[in-house]
Structure formats: structure tokens, C-alpha cells
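Just so you know, all these numbers are worked out from the coordinates, no wet-lab data involved. Model, not experiment: these values are computed from the prediction. Cβ atoms come from the backbone with ideal geometry, glycine included; neighbour counts cover every protein chain shown.
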Amino acid sequence: QKEVEQDPGPLSVPEGAIVSLNCTYSNSAFQYFMWYRQYSRKGPELLMYTYSSGNKEDGRFTAQVDKSSKYISLFIRDSQPSDSATYLCAMNNQGGKLIFGQGTELSVKP
Amino acid sequence: DAGITQSPRYKITETGRQVTLMCHQTWSHSYMFWYRQDLGHGLRLIYYSAAADITDKGEVPDGYVVSRSKTENFPLTLESATRSQTSVYFCATHRGGNTGELFFGEGSRLTVL
């Protein structure tokens, strides 16, 4: 079983929809949780970063961490075609190596 | 102002050949990483380096060699390429500290025939 599990999709939604992307993990030592966005044929870029449990909002994006359930989510409100990309969750403990999920491919249709 | 650059961006080679993928950064970040990205596996760590002359294995190191004689360069060598090493390779840097923010290059797409 992988340390971090992410539904690879693909996920296709109409423009304006609310998108929910999720990851589960098994290592309770993880403290830092990230979401990376990767456009086609590009390297991943950090989108959201959260420490420990709770919510973090940045514009149309909200990251949630539930450490008790070992579950993290990324919500995208009012999704746009420009949000079409692969979204990777990632996490680590203090000073540890980053562990990535498999990535979810999202397509937002106009 | 390139930050992190990888070369070549695309490479086709044959089984058994030696291939070197180059990675160069202009930030002087301490940590550098090599990942491979394959469908269904996400990003898997091959090797990483905490500083010049310090390297360590990641999750999938077999068949790869790295070196880091200078802080800014972190080449990845496939000594005898195999078809299973067909992949997209990403170099990344990290400036240190507790957060996991990595800065990735554009990737090197390698095909082994």
C-alpha cells in the first residue's frame, strides 16, 4: 500500500463547477501538506501549503487537512478552463522527504 | 533568470547506452532532487543531494548514478539504459527549512528503444 493515495481521475467538469480533489495517507507523522499544479509538459508548481490540520484559502482555492482521518482535500470554486492541469498532493514530516500522490488530471470544459 | 534548467528536454536512446541528464540552478539552493514521473506512479524520488559532495538514494535509485561537485549542478546518469527507464525526469531544488516547497525544472523526456 502506498503512503499517499490519490485518485488519478481523469476528472472532467463544466466551467463554473466546484471541484474537489482528495488524498489519503497512512503516515501519522506527516505535518506539512501541499498541493502542486502541473500543466501539460511542464514541471509541477506549488499551489497551496498547509501545516497540520485546518483550512487555508487563497482566492478560488481552499485546502483542508483532517489529520484525524488522514485525509486532505483541495477545493476549486468557479472552476475555469485555465485550471485544467494535473494536481498532485504532497506531504512530509519535519525535515523529511516529500511524498507525492499519483496526481489527478482535471479538465474544465468551457 | 532561468532558475532551474534541464537538458536535454527530449532524448531518444537505445538500450545499453549511457545517458546523462543535466540540471543547473541559479539560486544556490542547498537541496537538489531527481524524480521520475510515470503514469500511475506519480513522482518517485531517484536521488537527492543536501549539498555539494553529499548525495543519497531515494525510492528508485537502481540503474542511476548522480554526482554533485558544484552546488549549482546535479547531473543524473543512466549507465546502461533500459526500456523501463523510459520516463519523464524532473530535477527540483529546495532552499531548506521545514516546508516542502520544491522548485521544478521543465522536465527531460527520455525514450529508451
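Would you be so kind as to identify which of A:L106, A:I76, A:Q1 lies farthest towards the positive end of the dipole of chain A, taking Lys and Arg as +1 and Asp and Glu as -1 on Cβ and the Cα centre as origin?
Of the options given, the answer is A:Q1.
Step through the residues of the range A:37-44 one at a time and calculate ³J(HN,Hα) from phi using the Karplus curve (6.51 cos²θ - 1.76 cosθ + 1.60, θ = phi - 60°), rounding each to whole Hz and writing x for Gly and Pro.
Rounded to whole hertz, the list is 10, 10, 7, 4, 6, 10, x, x.
Using 7 Å Cα-to-Cβ label points, what is the A:D7/A:S26 separation (nm, one decimal)?
In this crude label model, A:D7 to A:S26 measures out at 2.1 nm.
For the pairs A:K2/A:K67; A:K70/A:K97; A:K56/B:K57; A:K42/A:K70, note any where the Cα-Cα span goes beyond 25 Å.
Pairs exceeding the cut-off: A:K56/B:K57; A:K42/A:K70.
Estimate the FRET efficiency between B:A50 and B:S80 by the formula 1/(1 + (r/R0)^6), using the beta-carbon distance for r and 30 Å for R0, to the nearest 0.05.
My answer for the efficiency is 0.65.
Hand me the trypsin sites (Lys or Arg not before Pro) from the range B:1-77 located in a DSSP loop with no more than 16 other Cβ atoms within 10 Å, in residue order please.
B:R9, B:R17, B:K70
In the neighborhood of B:S49, defined by Cβ-to-Cβ distances under 14 Å, what is the net charge if each Lys or Arg adds +1 and each Asp or Glu adds -1?
Around B:S49, the charge tally is +2.
Select from A:A85, B:A81, B:W34 the residue farthest towards the positive end of the dipole of the protein assembly as shown; place +1 on Cβ of Lys and Arg, -1 on Cβ of Asp and Glu, and compute about the Cα centre.
Ranked along the dipole, the leading option is B:A81.
Could you give the Stokes-Einstein D for the protein assembly as shown in µm² per second, using the C-alpha Kirkwood radius, 37 °C, 0.692 mPa s?
It diffuses with D of about 182 µm²/s by this estimate.
Between B:K70 and A:D66, what is the label-to-label distance in nm when each label sits 7 Å out along the Cα-to-Cβ direction?
Going by the 7 Å Cα→Cβ label model, 5.1 nm.
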